[in-house]
Amino acid sequence: MNIHTKAVHSGDRKRAGGHVPVTTPIHTATSYFYQSMEQLDRVCGGWEQGYCYARHDNPSTGALEELMCALEGGDAALACASGMAALHTAILSALTDRRRSIVAADAMYGATVGLLMNVFEPAGVSVRFAGICDLKALRAVVAEAQPGCIVMESSHCSPARSNWARTSASTA
Ligand SMILES: Cc1ncc(COP(=O)(O)O)c(C=O)c1O
């Protein structure tokens, strides 16, 4: 083996060890070894469980999704590379088969407001902002607007945070 081949192939990354890491390791590889191209094809096609390309999924994001799902008591979770990607994906998914109408909290992260006003509104989605601290008033807005989804955020740097301190997220 020449030095270039060694540099690529030496090391323990293909060796299944008996060691179990104490914390979940971060997988930085973009692709994975399989026994055959046929198996890789099955994995990429979703016919067989496994990872084929990091941007689709990988063990690190899989672990994060599993953890968030357990913490939130949900059915599934999807990890995204950024907060705005997560918001965009969540809103698009929510509106897939519902009214193209949103009721949104009137105090949110600026880029979220921008996403609603500069991306969703021009795409034909109606957006109505409402306070989320007065639950009776919020219920009335939702009853009137019949939105496809309700958007609100809680975050340490969101101006809505102080509101959340006074509003029970689960009640809202
Ligand atoms: C409440 C809230 N929403 C959305 C974002 C956007 O997240 P990102 O910068 O990862 O796209 C942030 C970022 O700080 C945030 O605090």
Failed condition for residue 63, given (1) part of a helix (DSSP H, G or I); (2) more than 24 Å from residue 93 (Cβ to Cβ):
(2)
Can you tell me which of 68, 84, 37 is farther than 30 Å from residue 123 by Cβ and either at pLDDT below 90 or out of contact with any strand residue (DSSP E or B) (no Cβ under 6 Å at 6 or more places or on another chain) (or both)?
37
Given the residues 96, 112, which is the only one that is at pLDDT 95 or above, farther than 30 Å from residue 21 by Cα and away from the ligand (no atom under 16 Å from the Cβ)?
96
Evaluate region 19-27: report whether one residue or more is outside the structural domain of residue 152 (by TED's automatic domain parsing) and polar (S, T, N, Q).
yes
Those residues of region 69-93 which are within 15 Å of the ligand (Cβ to nearest atom), small (Gly, Ala, Ser) and surrounded by fewer than 13 Cβ atoms within 10 Å (Cβ to Cβ), in sequence order
81, 82, 85
From the option list 108, 117, single residue qualifying as in contact with a strand residue (DSSP E or B) (Cβ under 9 Å, 6 or more places away or on another chain), of a type in the set (A, V, I, L, M), part of a loop (DSSP other than H, G, I, E, B) and under 19 Å from residue 92 (Cα atoms) is 108
(1) loosely packed, with under 15 Cβ neighbours inside 10 Å; (2) within 16 Å of the ligand (Cβ to nearest atom): which one isn't true of residue 61, the others all being true?
(1)
The one condition in (1) more than 15 Å from the ligand (Cβ to nearest atom); (2) crowded, with 17+ Cβ neighbours inside 10 Å that residue 132 fails to fulfil:
(1)
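Okay, residues lined up against (1) at pLDDT 90 or above; (2) part of a helix (DSSP H, G or I); (3) within 20 Å of residue 80 (Cβ to Cβ):
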site	(1), (2), (3)
21	no, no, no
30	yes, no, yes
48	yes, no, no
52	yes, no, yes
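The values are calculated or read from the model by the stated rules, or taken from the named source; none is laboratory data. Quick caveat: nothing in here was measured; it's all calculated off a predicted structure. Note: ideal-geometry Cβ built from the backbone for every residue, glycine included; neighbour counts use all protein chains shown.
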